[in-house]
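Take a look at the structure below.
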Ligand SMILES: CC(=O)SCCNC(=O)CCNC(=O)[C@H](O)C(C)(C)COP(=O)(O)OP(=O)(O)OC[C@H]1O[C@@H](n2cnc3c(N)ncnc32)[C@H](O)[C@@H]1OP(=O)(O)O
Ligand SMILES: CC(=O)C(=O)O
C-alpha cells in the first residue's frame, strides 16, 4: 500500500532568507506559479506583515492548486493570541493555512525569549488554538527541535504535543542550525513517533550546514515523517535548505520511495524541473550550478573519453537516469580528457556530420589538446569548440574580419561632480569589402562604468551591417575570468556565456595574457556562433 507524502515548499520564505536574495512581489508570483505547475502541496509565500514585499505578495497572491501558506511566529508572552499584532498581520493575509515557528529548545526559550518553559508551552498552545478556531489549517515549525531534543527530550516533545493537542495538522521537526546528521535525524524522528506524534502529522525541515540536508530529509521520511519541507535549488538561510530540486526526482524515481510513497508530482511535471530550476537562477541573476544533482548543467556531462565511448554505445553505462526525465540534457564536452568518441558525439550533437575515418577528427582532437595546454578550456565552451571544429573541417563560413580594436579607460568627473571611470571602445570590422567603424562607451543606466568588456561588446554589437538583425536578440549572461599558469607564464582565460530570445545559451572562450584581448576573442566567437546557429548567409 502506498502512503501519501506531502511536499511543502519554502522557497518564498526560507529561500528569501538566503544572503543576496531579494524577490520582488512579481517574482514571487512567478515562482509560486512554477511551484504549482511542479505539483507541490504547499507554497509558503512569506511572512505577511514582516516586510512590504511579503504583504504585497499575499494581497495579490495567484490562485494555486497548492495550498498557499502564510508564515509567522507564535504569540509573544504577556498578551493573548487575539491581541498579538505580529500574529494578527499573519492571519490577515487570509490564507487557509498558516505555519507558526515556535521554540522547542529550553536554551532558546530562556536566552532568546527570556520566558519560562511553561509560558512557552502556553504560547504554542494558544497560538495554534487561535489558528484552528479561525478555521485555518495550522502547522507548527518546531524550531531547533533536534538540538532541543538532545538537551531535554521530554520538554522538546511536550512542545510538539502542545501544538498537536491544540489542533495542528502538521508538526514540523526543524534542524534549524543544520548540524544534525542523517542517522540521528532518523533515530529522533522514530522516537518522536514512538512518543505518540503520528508520522502522518509529522514534517521535516533541514538546513544544509553539513551538506546533509537532503540525506537528513530522506532519513526522516524513512523513519515515518510524511511531509518534507525544502526549497528550489536549495535556497535558504546560511548554507540553504534541503533542495527540492534534488528531493523531488529522488522521491519519484528512486526505490523505495517510488513504489511506497505517493506524491502529487507527475512524471510530466518532473520533465519541467530543469527549466524551473534554471528560471529561478535567471530571476536571481545567477549562473546555474554545474554540479547540482539532476538539474545541474554538468549533471549529465560526460567528459572522460572512456565514459563518452561507453555512453555512445548505451547511455545507461554512465547515467543513473535518462536526463530527459528531469528535462535536462546529456553533454559530451570536448577537453584534453576526450577521445574520438567524445569528438564524434559532440559534432553529431552540433549537427556536424563527419565520417568515422575522416583524418580531420584526429587533427581536431590534437588541436583541442594543444590549445588546452595553452590555457583554453573547451568543456565549458561548447560554441568555441564547434567553431574550431568547423574551421578544421574547412566548413567555417566567413562573416567578417576585425581590422582592429581599441579600448581606453578614463577617470573623470561626471556632471554631478562624482569621479567615475569611463571605458570607450572603438572597433573596426570589414564586412564583404566594406569597412565599418563603431564607437561605444560603457556607461550604464545609473551613470556607472560597466567596464571595458561591456564597451567592446556594445561597439561590436552596435553596427554589424547585414548581421545586425541576427544579433539584435543576443545578450551576455555571464562572464568568468580565470588566471591560468603562474608568474611570467600566467595567462588569462575568459569564458563568456550568451543567450538569445529563442532560448539558446552558448559559451565561448578566449585566452590571452591580456584580459581585454581574451574577452574580445570570446565576444567575437559568441557572435560568429550565433550567425552560424541562425544560418545567416555571409555577406
Ligand atoms: C528559524 C527561522 O528561519 S524562523 C524565520 C525567521 N524569519 C525572519 O526573522 C524574517 C522576518 N522577520 C522580521 O521581519 C522581524 O524579525 C519581525 C517583523 C518578525 C519582528 O521584528 P521585531 O518586532 O523588530 O523583532 P526582532 O526581529 O528584533 O526580534 C524578534 C522578536 O521576536 C521574538 N521571538 C522570536 N521567536 C519567537 C517565537 N517563536 N515566538 C514568539 N516570539 C518570538 C524574540 O524574542 C524577539 O522579541 P523581543 O523584540 O521582545 O526581543
Ligand atoms: C522554521 C525554520 O525555518 C527553521 O527552523 O529552520
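Every number here is computed from the coordinates shown, using simple stated rules; none is lab data. Just so it is clear, the model here is predicted, and its values are computed rather than measured. FYI the Cβ positions are ideal-geometry reconstructions off the backbone, even for glycines, and counts take in every protein chain you see.
What nm value, rounded to one decimal, do you get for the distance between residue 291 and residue 165 when each label is placed 7 Å out toward the C-beta?
4.8 nm
As an exercise, use a Förster radius of 35 Å and the Cβ-Cβ distance of residue 187 and residue 116 to find the FRET efficiency, rounded to the nearest 0.05. Please list the in-between numbers first.
Values: r = 29 Å, r/R0 = 0.84.
The value I calculate is 0.75.
Give the angle, between 0 and 90 degrees and rounded to the nearest 10, that separates the Cα long axis of helix 515-533 from the longest principal axis of the Cα atoms of the chain.
90 degrees
Can you tell me the 0 to 90 degree angle between the C-alpha axis of helix 273-283 and the longest principal axis of the chain, rounded to 10?
Once rounded, one gets 80 degrees.
Using 0.36 nm times the number of residues separating residue 463 and residue 17, minus their current alpha carbon distance, what extension gain do you get?
Details: separation 446, 0.36 × 446 = 160.56 nm, distance 4.36 nm.
156.2 nm is the gain from fully extending residue 463 to residue 17.
I want to check the label-to-label distance for residue 483 and residue 151. Put each point 7 Å from Cα in the C-beta direction and report it in nm to one decimal.
In this crude label model, residue 483 to residue 151 measures out at 4.7 nm.
So what's the chain giving for Cα Rg divided by 2.2 N^0.38 Å, two decimals?
Numbers: Rg = 27.9 Å, N = 539, 2.2 N^0.38 = 24.0 Å.
That ratio works out to 1.16.
Go ahead and run the numbers for FRET between residue 446 and residue 517, Cβ-Cβ distance against an R0 of 22 Å, rounding to 0.05. Before the final figure, lay out the partial values.
Values: r = 28 Å, r/R0 = 1.29.
E between residue 446 and residue 517, to the nearest 0.05, is 0.20.
In nm, what is the difference between 0.36 nm times the number of residues separating residue 65 and residue 404 and their Cα-Cα distance?
Working: separation 339, 0.36 × 339 = 122.04 nm, distance 5.80 nm.
Stretched out fully, the residue 65 to residue 404 stretch lengthens by 116.2 nm.
Place a point 7 Å from Cα of residue 177 in the direction of its Cβ. Which residues in region 87-128 have their backbone N less than 14 Å from it?
The answer is 104-112.
Take the alpha carbon gyration tensor of region 47-198, find the square roots of its eigenvalues, order them as a ≥ b ≥ c, and report rounded if a/c is under 1.5; if not, report prolate when a/b exceeds b/c, else oblate. Mind showing how you got there, number by number?
Details: a/c = 1.79, a/b = 1.47, b/c = 1.22.
Prolate.
For the chain, what's the relative contact order in percent, using C-alpha pairs closer than 8 Å and at least 6 residues apart? Show your work: numbers first, answer last.
Numbers: 1079 pairs, mean separation 47.5, N = 539.
Normalised by residue count, the contact order of the chain is 9 percent.
Using the alpha-carbon atoms, what tilt in degrees (0 to 90, nearest 10) does helix 340-349 show relative to the longest principal axis of the chain?
80 degrees
Report relative contact order for region 388-498 in percent, whole number only (criteria: Cα-Cα under 8 Å, sequence separation at least 6).
Numbers: 174 pairs, mean separation 18.7, N = 111.
Once divided by the residue count of region 388-498, the mean separation gives 17 percent.
At 7 Å along Cα-to-Cβ for each site, give me the label-to-label distance between residue 412 and residue 306 in nm.
6.1 nm
Return, ordered by residue number, the residues of region 216-249 whose backbone nitrogen is under 19 Å from a label point located 7 Å along Cα→Cβ of residue 260.
Counting backbone N atoms under 19 Å from the label point, the list is 216-229, 247-249.
Once you have the Cα-Cα distance between residue 320 and residue 348, take 0.36 nm times their residue separation minus that, and quote the gain in nm to one decimal. Intermediate values should be presented prior to the final figure.
Working: separation 28, 0.36 × 28 = 10.08 nm, distance 2.30 nm.
Residue separation times 0.36 nm, minus the Cα-Cα distance, leaves 7.8 nm.
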